[in-house]
Amino acid sequence: MPDICGFHHVKVPVSDVARSRDWFCRVLRFEPEIDFVEDGVLMGVALRDPRSTVRLAVRFAPQRAAALAGFDPIALAVASRTELESWARHLDELNVPYDGVVSGHVGWLITGLRDPDGIEVRLYTVEEHQEGSEK
């Protein structure tokens, strides 16, 4: 059986491609990689995180975006709780609302970070809770 070596990208439906592209670039520091223009209209954008292999695409699909509002289909990995707290400071500096840093099942995460369509993006640590550590 051949191996899977990871995700190539995750595609998120959005109601306004340019607005969502700008949000992911400003808030999560993604960079545009490919614009998908159809009949002269921007219909999607491929984004990449310049610090990792993570790729994300946004695609015009307003009904699907509305259906996902309040759901959390994306959890981006962060190395440690210290890094997660740096992300929280970054969000605070940008005045971007989120619900806070909380203890998850195996690590810590930022919840309540929502894109312009209300789709939740979580930042979750790869670092796990240790025996006797604060949950």
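To the nearest 20 debye, what is the magnitude of the charge dipole of the chain about its Cα centre, counting +1 on the Cβ of each Lys and Arg and -1 on the Cβ of each Asp and Glu?
180 debye
Give the angle, between 0 and 90 degrees and rounded to the nearest 10, that separates the Cα long axis of helix 17-28 from the longest principal axis of the Cα atoms of the chain.
Value to nearest ten degrees: 20.
Quick check on the chain: helices-only [θ] at 222 nm, where DSSP H runs of length 4 and up contribute -39,500 (n - 2.57) each and the sum goes over total residues. Nearest 500, please.
-7500 deg cm²/dmol
Please work out the FRET efficiency for the pair Ala18 and Ala77, using the Cβ-Cβ distance as r and a Förster radius of 35 Å; give the result to the nearest 0.05.
E(calc), rounded to 0.05, equals 0.80.
Sorted by packing (mean other beta-carbon atoms within 10 Å per residue), highest first, where do 57-66, 77-86 land?
Sorting 57-66, 77-86 by mean packing, highest first, produces 57-66, 77-86.
Please arrange Ser103, Ser15 by counting, for each residue, the other beta carbons lying within 10 Å of its beta carbon, fewest first.
Ser103, Ser15
Roughly what % antiparallel, to the nearest 5, for the DSSP beta bridges in the chain?
Around 65 percent antiparallel, to the nearest 5.
How long is the gain from Ala67 to Cys5 if the chain were fully straight, where each residue apart is worth 0.36 nm and the alpha carbon distance is subtracted?
Residue separation times 0.36 nm, minus the Cα-Cα distance, leaves 19.3 nm.
Where a number appears in this text, it was derived from the coordinates with a stated rule and is not lab data. All values derive from a computational prediction rather than experimental measurement. No Cβ is skipped: glycine too gets one built from the backbone with ideal geometry, and neighbour counts run over all protein chains shown.
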